Amino acid sequence: MRIRKAGKITDGFWYLGREESGVYCLEGANGTILINGGLTFILPDVLEQMKSFGIDAGKIRKFLILHSHFDHTGIVPYIKRTWPDIEILASAPAWKIFAMPKAIEIMNAYSRMSAQLAGAEDALKAFDLDWRDDIAGTAVGEGDVIDLGGIALKIFDTPGHTNCSITAYEPVMKALFPSDGGGIPFGDMCFPSMNTNTIQYLESLEKMKPLPISYYCADHYGYITGDEAARFIDLTIAEGGRWKAELENCYRKYEGDLDAAAKAITDDFYRLNPGYFIAPDILEADAQIHGQEHIEYEAFEKWLRRGSKSFSLER
């Protein structure tokens with residue numbers, strides 16, 4: 001079953017935010033953790049929901065970022081500046097990205113654009129949401145365990161969507177937090193967002209496949225429970241293979257012209273999936289940059305070099 005409404009999932013476990021962007025709150029005996037930073041414009045919803053659901057912000061000890069894209073880091077600056085004792089956790093590659101001034105500039109620009117498209121600019125004026133160099137924290141990666149007392153999150157390195165992607169798994173509740181390293185449950189479909197490297201993306205899914213899953217906790221479009229949750233990684237692997245073939249055919253068709261291929265892929269995606277939360281020109285820029293997964297490169301640096309041409313920071 002797919003659930004997209006904010007609320008209590010089970011004891012000590014909540015989904016916060018909106019349908020298109022969510023944050024998970026998990027409570028242990030020794031403190032609470034937030035998982036996924038979401039889009040900036042969900043912050044008023046999250047703060048109101050925390051009050052409504054009786055979540056004590058003073059008990060939040062940690063905030064886990066699963067990858068560095070702007071739509072997964074949006075509320076982190078406000079939360080950290082408001083409650084400075086909260087420890088921010090992310091992968092080592094993500095912290096390298098957060099230390100790059102150009103990366104921060106583009107993250108903030110994309111966040112402002114998304115807030116504008118959502119009609120949320122005025123509602124956000126009261127909040128300090130820009131990323132700056134005052135956000136620091138701790139690196140986590142493969143094999144690390146985040147122990148909150150009675151519950152513990154095991155971390156896996158799961159590159160493919162980005163080079164900095166990690167996944168968290170809580171074995172007691174059998175809750176998987178794959179971020180966009182797993183399929184996105186948009187509408188009735190499963191969208192495998194394998195932006196950076198399709199081979200790594202599929203390999204990361206194979207790493208998740210043996211885990212028993214009762215709650216598949218996506219960052220976009222809510223969470224999945226029951227039998228569908230248990231099968232969702234298998235579904236993503238199947239869809240990932242199909243999309244990989246589609247991408248390869250498209251790039252061959254356009255004979256290496258990444259701009260033309262990216263536009264064709266993006267146009268086709270929005271024709272089939274109107275209403276997807278990311279603006280088409282952002283998705284198209286991402287497709288331009290990450291289309292040739294067989295080429296070895298530092299993905300985010302390439303994104304910076306080319307992304308600034310695809311998106312005007314003054315928009």
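The values are calculated or read from the model by the stated rules, or taken from the named source; none is laboratory data. The structure displayed is predicted, hence computed values, not measured ones. Reconstructed Cβ throughout: ideal geometry from the backbone, glycine too, with neighbour counts over all protein chains shown. SASA here: full protein model, heavy atoms, side chains in, ligands and nucleic acids out. Shrake-Rupley method; radii C 1.70, N 1.55, O 1.52, S 1.80 Å.
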(request) Can you quote the Å³ per residue value for the convex hull of the Cα atoms in the range 145-218, rounded to an integer? (result) 83
(message) Given a 1.4 angstrom probe, what's the average accessible area per residue across the range 46-126, in square angstrom?
(response) 43
(request) Quantify, in whole percent, the carbon and sulfur part of the accessible surface of the range 71-153 (1.4 Å probe; protein heavy atoms only). (result) 53
(request) Sort all Cα-Cα distances of the range 172-258 into consecutive 10 angstrom bins from zero, then give the percent of pairs in each bin up to the one containing the longest distance. (result) 18, 49, 24, 8, 2
(request) Report the Stokes-Einstein translational diffusion coefficient (µm² s⁻¹, integer) for the range 75-133, Rh taken as the Kirkwood radius over Cα pairs, at 20 °C with viscosity 1.002 mPa s. (result) 170
(message) Please give me, ordered by residue number, the GluC sites (Glu not before Pro) of the range 47-144 that lie in loop per DSSP and have at most 15 other Cβ atoms within 10 Å.
(response) 142
(request) Tell me, rounded to the nearest percent, the portion of alpha carbon pairs in the range 1-77 spaced more than 16 Å apart. (result) 45
(request) Quick one: compute the contact order of the range 1-81, relative version, from alpha carbon pairs under 8 angstrom and 6+ residues apart, as a percent. (result) 27
(request) Based on a Kirkwood Rh over C-alpha pairs, give the Stokes-Einstein translational diffusion coefficient of the range 117-188 at 37 °C and viscosity 0.692 mPa s in µm²/s. (result) 215
(request) Within the set of other residues whose C-beta is less than 15 Å from the C-beta of residue 20, count the net charge using Lys and Arg as +1 and Asp and Glu as -1. (result) -1
(message) Which residues among the range 130-165 fall inside the zone where the amide N is under 20 Å from a point 7 Å beyond the Cα of residue 30, along Cα→Cβ?
(response) 137-156
(request) First obtain the Kirkwood hydrodynamic radius of the range 66-107 from its Cα pairs, then insert it into the Stokes-Einstein equation at 20 °C and 1.002 mPa s, and state the resulting D in µm² per second as a whole number. (result) 196
(request) Could you list, in their original order, any pairs among 5/174; 59/96; 5/207; 96/244; 207/253 whose Cα atoms are separated by more than 22 Å? (result) 59/96; 5/207; 96/244; 207/253
(message) I need the Debye-formula profile for the range 66-179: one equal scatterer per C-alpha, no solvent, reported as log10 I(q)/I(0) at q = 0.12, 0.13, 0.15, 0.23 1/Å, two decimals.
(response) -0.48, -0.56, -0.73, -1.32
